[in-house]
Amino acid sequence: MVDVKLDGNAVRYQWGNSTGRYKREGRETFMNTEESKLPSHNSAWEGETGAIRHLILPFLEGAENVCDIGFGGVRLIPEAIGIDLPHMYNNREHIVTPDIACDVREGIPVEDSFFDVCYSSHLIEDFVDTAKMLDEFIRILKNNGILALAFPDQKVYESLTPDEVQNRNHVHKDMGLAFMKNVLSTMVKYKFDILLESNCEPQWLPAQECFSEHGGYNVVIVAKVQKEF
């Protein structure tokens, strides 16, 4: 069972036999689990995953194998398999390396139907052929597995982010909830059961341990994917 609690002091979860707590201790956020190998992060650098983690955690119930595609040094949960380019990632406190180092555009070196949950945060918007990349994500996902995607509403992103620090890898001016749902509708060899949609809602601020007063640019879709029917 997955149990998630948000309050003014911490984000807590229980997943399988592990219990995790994200709490403020001075300038650091600690991620403590029974089997955690991921070092603590600076609370100001939980990345975009830190803003929406609480939305994804309830869908991990029963999952044994979870991957985080394009994790950038900050995993969804410590047990997640981090997949990213073969670089060292500085999460402000420690150097973190991927568990599976690859360029996902050339394929992910994992057997078909391996993961119970495939999560990817703010990566899919960097690819011209969105459906092709999603097809690769789904290839390594089990039948009836969970696909969890976080990505920006590009117009809102541009309105909230100073031009000099905007990510120039974003290739779709119309990226957003409607864009992604339209892409999924074209992938007719799968059936997508949308379990959650979150569209630019107030987000969790790990450093301040509260929700933002106004909505952000994050869009989240969580879907169960039927590959065999």
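Would you mind stating whether GLU93 is surrounded by fewer than 22 Cβ atoms within 10 Å (Cβ to Cβ) and either out of contact with any Lys or Arg (no Cβ under 6 Å at 6 or more places or on another chain) or modelled with pLDDT of 95 or more (or both)? Spelling it out, GLU93 is indeed surrounded by fewer than 22 Cβ atoms within 10 Å (Cβ to Cβ) and either out of contact with any Lys or Arg (no Cβ under 6 Å at 6 or more places or on another chain) or modelled with pLDDT of 95 or more (or both). Residue check: is LYS181 under 15 Å from ILE221 (Cβ atoms), touching a residue at least 24 places away in the same chain (Cβ under 8 Å) and basic (Lys, Arg)? For LYS181, the condition - under 15 Å from ILE221 (Cβ atoms), touching a residue at least 24 places away in the same chain (Cβ under 8 Å) and basic (Lys, Arg) - is met. The set of residues in the range 35-60 being over 19 Å from SER121 (Cβ atoms) and either touching a Gly at 6+ places or on another chain (Cβ under 9 Å) or modelled with pLDDT of 90 or more (or both) consists of SER36 alone. Scanning the range 183-204 for residues that are of a type in the set (Asp, Glu) and either modelled with pLDDT of 95 or more or under 15 Å from CYS118 (Cβ atoms) (or both) yields ASP193, GLU197. Please work out if ASP68 is surrounded by 14 or more Cβ atoms within 10 Å (Cβ to Cβ), among the charged types (D, E, K, R) and not in a helix (DSSP H, G or I). Against the criterion (surrounded by 14 or more Cβ atoms within 10 Å (Cβ to Cβ), among the charged types (D, E, K, R) and not in a helix (DSSP H, G or I)), ASP68 qualifies.
Looking across the range 143-201, just one residue is among the β-branched types (Val, Ile, Thr), touching a strand residue (DSSP E or B) at 6+ places or on another chain (Cβ under 7 Å) and buried (at least 17 other Cβ atoms within 10 Å of the Cβ), and that is ILE146. The set of residues in the range 205-219 being crowded, with 21+ Cβ neighbours inside 10 Å and modelled with pLDDT under 85 consists of PRO206 alone. The set of residues in the range 71-90 that are assigned to a strand (DSSP E or B) and in contact with an Asp or Glu (Cβ under 9 Å, 6 or more places away or on another chain) comprises ILE81, GLY82, ILE83, ASP84.
Looking across the range 203-213, the residues that are of a type outside the set (S, T, N, Q) and touching a helix residue (DSSP H, G or I) at 6+ places or on another chain (Cβ under 9 Å) come down to TRP204, LEU205, PRO206, ALA207.
The values are calculated or read from the model by the stated rules, or taken from the named source; none is laboratory data. On a predicted model such as this, the values are computed, not experimentally measured, just so you know. In this analysis, Cβ positions are derived from the backbone assuming ideal geometry, glycine residues included, and neighbour counts consider all displayed protein chains.
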